[in-house]
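Let me begin by presenting the structure, written as structure tokens, before commenting on it.
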Amino acid sequence: MPLSEHEQRQLEQIEQALYAEHPRFARAVRATDPRVHYRRRVIQAAFGFLIGVGLLVAGVATKDPWIGVAGFVVMLACSMWALTSYRHMAGITAGRGLAKERRPARRPARHDGADRERWRRRQERGGR
């Protein structure tokens, strides 16, 4: 579950205080933070995407379709890699939840005469 804005600010304040008091320890802890790892992967995927664009252009320039196809495949793979890494880094889920979590849409209550009659009888009997 992603942090709220208030929790995110508190976490940042704690990190800043840690850097101020124990910079060596903070660097060691920061290096194991998964967000740093995923951010690095997003940057690597962006460079890979640029290499794919270069291959695609080279394939068109040399009129060799296999180089162009390889460039497109590299671009596609790198964009998927960047997207999944970014989702992990930002804490975004793919939108697929368990069936239990999904609730069916509620039907609006009927307000016909039968409902009113039942309500009136229930009130006359004592409330339940």
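The values are calculated or read from the model by the stated rules, or taken from the named source; none is laboratory data. If you're wondering where the values come from, they're calculated on a predicted model, not measured in any experiment. Every residue, glycine among them, receives a Cβ derived from its backbone with ideal geometry; neighbour counts consider all protein chains shown.
Listed by position, the helices (runs of 4 or more DSSP H) contained in the range 1-82 that have at least 1 residues being hydroxyl-bearing (Ser, Thr, Tyr) are 5-21, 34-62.
Matching residues to (1) modelled with pLDDT of 95 or more; (2) among the small types (Gly, Ala, Ser); (3) surrounded by fewer than 13 Cβ atoms within 10 Å (Cβ to Cβ); (4) closer than 30 Å to residue 2 by Cα:
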| position | (1), (2), (3), (4) |
| --- | --- |
| 65 | no, no, yes, no |
| 73 | yes, no, no, no |
| 76 | yes, no, yes, yes |
| 84 | no, no, no, yes |
| 89 | no, no, no, yes |
| 92 | no, no, yes, yes |
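Scanning the range 30-49 for residues that are of a type in the set (A, V, I, L, M) and surrounded by fewer than 13 Cβ atoms within 10 Å (Cβ to Cβ) returns 31, 36, 43.
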